[in-house]
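Chemist: Before I ask anything, let me first share the structure, which is written out below as structure tokens.
The values are calculated or read from the model by the stated rules, or taken from the named source; none is laboratory data. Just so it is clear, the model here is predicted, and its values are computed rather than measured. Heads up, the Cβs are rebuilt from the backbone with ideal geometry, glycines too, and the neighbour counts pull from every protein chain shown.
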Amino acid sequence: MTQHDPYHYQLIRRAIDRIDAEPDRPVSLEELASAMNLSPAHFQRIFSQWVGVSPKRYQQYLALGHARDLLRQRFTTLETADAVGLSGGGRLHDLFLKWEAMSPGEFARAGEGLAIFWGWFESPFGPALVMGTDRGICGLGFAAEAGADETMADLRLRWPKADFKEDPDRLRAWVLRAFGAAGGAAEPAPLYLIGAPFQLKVWEALLTIPSGQVTTYSEIASVIGHPKAVRAVGTAVGRNPVSWLIPCHRALRKSGGLGGYHWGLPVKRALLAWESARAEA
């Protein structure tokens with residue numbers, strides 16, 4: 001059983017849920033291991049393989065003040081990210097991705113004539129609904145807070161005229177690459193972004209934020225050439241259809257507050273904590 005086995009996805013998800021259930025009380029290694037029906041040593045080894053740090057250290061990253069610490073220590077000025085580039089294509093940081101966008105005309109047709117395949121997959125952040133076309137992943141949502149039915153309805157409403165078909169096997173290889181389970185030698189997982197031109201600019205900017213770092217909504221507004229459109233940027237961030245891979249969780253308020261998150265703030269906190277832990281490791 002490798003560290004990328006679906007059993008471990010499920011185990012880490014349950015552990016994170018258990019930790020997040022009582023954010024004001026540290027949960028001991030022994031208590032977590034007992035809840036997972038594992039010895040403390042075995043559980044610690046699996047958890048550290050996945051997250052990069054011990055359960056105790058991970059809980060420190062889940063603290064509500066962590067977002068403010070990130071802004072102080074790991075703020076990314078997007079205007080200096082030209083080496084990564086707002087140009088699409090290629091490899092993006094630690095994620096093995098390549099992407100292309102639907103044309104404005106295609107977007108205006110609300111998915112008419114587009115075949116979209118979907119499937120449910122386990123992730124360390126709860127059940128993940130993934131959707132894709134022949135050209136790449138176009139949707140990824142987390143159901144831990146919203147629930148499966150609402151997550152499905154939410155993504156389907158993005159492209160109401162598309163033809164949806166359940167086919168997880170068609171998406172599985174892309175999903176494994178996108179979550180890093182296929183290893184760095186695999187072909188990049190393709191993204192197919194379906195959105196309005198302004199939204200695409202915002203999502204493109206999000207793709208330049210390195211893992212383990214954050215930026216602000218106002219910084220995104222400035223780098224896309226609309227410095228006064230902070231509210232509109234926030235709306236576009238919230239409408240990101242491909243969570244995790246387009247890292248909208250890395251956008252924070254200027255005050256250091258988490259801001260919103262379409263799939264629930266507990267999921268956003270878990271994503272930031274996960275990335276911070278792996279960056280430290």
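Chemist: Could you run through region 249-281 and say how many residues are hydrophobic (A, V, I, L, M, F, W, C) and farther than 25 Å from residue 48 by Cα?
Modeler: So the answer is 4.
Chemist: I would also like to ask the following. Is it fair to say residue 227 is buried (at least 22 other Cβ atoms within 10 Å of the Cβ) and out of contact with any Ser or Thr (no Cβ under 7 Å at 6 or more places or on another chain)?
Modeler: Here the answer is no, as residue 227 does not meet what is asked.
Chemist: If you don't mind, another one. For region 105-206, which strands (runs of 3 or more DSSP E) that fit wholly inside it have 2 or more residues that are within 20 Å of residue 13 (Cβ to Cβ)?
Modeler: Qualifying strands (runs of 3 or more DSSP E): 115-121, 128-133, 136-142.
Chemist: Look at residue 251 and say whether it is over 11 Å from the mean Cα position of the chain (by Cα) and either modelled with pLDDT of 80 or more or surrounded by 22 or more Cβ atoms within 10 Å (Cβ to Cβ) (or both).
Modeler: Yes, satisfied.
Quick grid of which residues meet (1) surrounded by 17 or more Cβ atoms within 10 Å (Cβ to Cβ); (2) modelled with pLDDT of 95 or more:
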site: 120; (1), (2): no, yes
site: 132; (1), (2): yes, yes
site: 143; (1), (2): yes, no
site: 166; (1), (2): no, yes
site: 169; (1), (2): no, yes
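Chemist: Of all residues being modelled with pLDDT under 75 and acidic (Asp, Glu) in region 1-23, which is nearest to residue 46 (Cα to Cα)? Just the residue, please.
Modeler: 5
Chemist: If residue 57 passes every condition in (1) exposed (fewer than 14 other Cβ atoms within 10 Å of the Cβ); (2) modelled with pLDDT of 75 or more but one, which one does it miss?
Modeler: Of (1) exposed (fewer than 14 other Cβ atoms within 10 Å of the Cβ); (2) modelled with pLDDT of 75 or more, only one is false for residue 57: (1).
Chemist: I need the full set of residues from region 229-252 which are basic (Lys, Arg) and touching a residue at least 40 places away in the same chain (Cβ under 8 Å), in order please.
Modeler: Result: 239, 250.
Chemist: Looking at residue 48, is it at pLDDT 85 or above and either exposed (fewer than 13 other Cβ atoms within 10 Å of the Cβ) or not aromatic (Phe, Trp, Tyr) (or both)?
Modeler: In short, no.
Chemist: Next question. Do we have any residue at all in region 214-225 that's in a loop (DSSP other than H, G, I, E, B) and modelled with pLDDT under 90?
Modeler: Yes, because at least one residue in region 214-225 is in a loop (DSSP other than H, G, I, E, B) and modelled with pLDDT under 90.
Chemist: Out of region 28-42, which residues are surrounded by 14 or more Cβ atoms within 10 Å (Cβ to Cβ) and closer than 23 Å to residue 127 by Cα?
Modeler: Residues satisfying the conditions are 32, 33, 35, 36, 38.
Chemist: Taking the stated definitions as given, is residue 193 crowded, with 22+ Cβ neighbours inside 10 Å, in contact (Cβ under 8 Å) with a residue 60 or more places away in the chain and either within 23 Å of residue 129 (Cα to Cα) or aromatic (Phe, Trp, Tyr) (or both)?
Modeler: Against the criterion (crowded, with 22+ Cβ neighbours inside 10 Å, in contact (Cβ under 8 Å) with a residue 60 or more places away in the chain and either within 23 Å of residue 129 (Cα to Cα) or aromatic (Phe, Trp, Tyr) (or both)), residue 193 qualifies.
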